[in-house]
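Undergrad: The structure follows.
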Amino acid sequence: MTIEASTAAGLLSDGKALRVFGSSDYLGLSRNASVRAAIDRALNDFGPGLPIGTSLYTTTLHVALEEELADFLGVEMVALFSSGAVANLATVTELARQREVVVDSRSHSSLVAAAGAAGASVGVLSPDAGSPIGTTGQAVLIASDGLFAINGELADLVGLSRATDGVKDVIVLMDDAHAIGTVGTGGRGTRGRQGGVRADLITGSFSKALGGGGGGFVAGRRELVQRVAAQSPYFWATSRPSPLVVASALAALRVLQHEPHLVSELEDATVRLRQALTRHGVQFDSPPTAITPVRVGSADAAKAASKQLRDAGFFVPAITPPVVAEGQASLRLQSSVLHTAEIIDDVAAEVAIVLSHRA
Ligand SMILES: Cc1ncc(COP(=O)(O)O)c(C=O)c1O
């Protein structure tokens, strides 16, 4: 799909206005006036980037975002990366040089691919799955999404910790790209939800709830973040995120802290969507996070359903193999505080019509 414009009402594609249920702008911050004003100011103060092509420089904006995000997450240090995927790649490949790494296979493709690049294993991380964690006697890094973007489930952090019982030296890495801003106290992510559970490192992306401008980060224990930044060429040999992106993320983070009610508004929008789907006879079985997948079956059927929804004025992407297993393709609906009760009811009615035509 090629987007011609993005407005408060939705997207314009092929000259057609689309209500969006396939965006990670959960809190509507990409449209927030102070976020947009911050981008304008950054353009004025710094231009789109600095004329130095590597991470040899920083700006006052980058420093402020690193410090304020560290405070928000309650960690010692944050380092900014050009994207969330690069943050995952840098962290996993660097730490895998001295540790056995096990990545949960349900995690984002960039985390799974990072495991591949590091020659690490991928499997379902659970105390019940019999995962052979720590069998080599080496130190271990376990990594998982906090909120799985495909099925909307939350990682079982307590279970994850139990899965590594008996392993002496464990680092836990949580990719909280979809959880920050949507889950936990004030949107602090999966740790904020399952209080007290340990994550030594958190990765994330500003392409989701925090402004949508792109760019990513690694947060956590100073010694580990410093090591990734110092050693990984995915940090030091590549450009830092643009000041425009950083300004957008910083302003979005400040809005979230001043307006934590946005997180409960998102929860309300999610409840409303689920009630509307149920009212229209649409079944789903994921927990009540802002991601609601509706199982369709074959990839062709899911793509056709998504196309029909687009024809009816809604953008609801089809999630198809290889992202999900054969036969498990789905329509994925993401909630947003921008969705009114009326729009939610309309999309639920349309999903029901599209699926009943396929039954
Ligand atoms: C869980 C998760 N991690 C990482 C990423 C990558 O983020 P970015 O787009 O900043 O590379 C995504 C983006 O889709 C994601 O869903």
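Each reported figure results from applying straightforward, stated rules to the coordinates on display, with no laboratory input. Note that the structure is a prediction, hence the values are computed from the model and not measured. Cβ: placed from backbone, ideal geometry, glycine included. Neighbour counts: every protein chain shown.
Undergrad: Per the Kirkwood treatment, what hydrodynamic radius in Å, one decimal, follows for segment 1-151 from the mean inverse distance over all distinct Cα pairs?
TA: Details: mean 1/r = 0.0525 Å⁻¹.
Here the Kirkwood hydrodynamic radius works out to 19.0 Å.
Undergrad: What residue among A199, A325, A301 shows peak mean-square fluctuation when the chain is described by a Gaussian network model with Cα springs under 10 Å?
TA: A325
Undergrad: What's the magnitude of the charge dipole for the chain around its Cα centre, counting Lys and Arg as +1 and Asp and Glu as -1 at the beta-carbon? Answer in Debye, nearest 20.
TA: On the way: 29 positive and 35 negative charges, 48 e Å.
Computed about the Cα centre, the dipole is about 240 debye.
Undergrad: How big is the chain in terms of Cα radius of gyration and Dmax, in angstroms?
TA: For the chain, the Cα radius of gyration and maximum Cα-Cα distance read 20.3, 59 Å.
Undergrad: Something else: Checking the a/c ratio against 1.5 first, then a/b against b/c, what shape does the Cα gyration tensor give for segment 67-123?
TA: Details: a/c = 2.12, a/b = 1.90, b/c = 1.11.
Prolate is the answer for segment 67-123, as a/c is 1.5 or above and a/b outweighs b/c.
Undergrad: Can I ask one more? Work out the count of Lys pairs in the chain where the Cα-Cα distance is under 29 Å, with the pair 8 or more places apart or on different chains. Walk me through the numbers before you get to the answer.
TA: Details: K16/K208; K16/K303; K16/K307; K208/K303; K208/K307.
For the chain, the number of qualifying lysine pairs is 5.
Undergrad: At 0.36 nm per residue, and after removing the present C-alpha to C-alpha distance, how many nm does the segment from D311 to D285 gain when stretched out fully?
TA: Details: separation 26, 0.36 × 26 = 9.36 nm, distance 2.64 nm.
Here the segment from D311 to D285 would lengthen by 6.7 nm.
Undergrad: Which order do the peptides 293-300, 210-217 take when ranked by the mean count of other beta-carbon atoms within 10 Å per residue, highest first? If you can, show how the numbers build up before the last one.
TA: On the way: 293-300: 18.6, 210-217: 26.2.
Ranking the peptides 293-300, 210-217 by packing returns 210-217, 293-300.
Undergrad: Within 10 Å, count the other beta carbons around each residue, average over each peptide in 85-93, 165-173, and list them highest first. Before the final figure, lay out each step's value.
TA: On the way: 85-93: 27.0, 165-173: 16.4.
Those peptides, ordered most packed to least, come out 85-93, 165-173.
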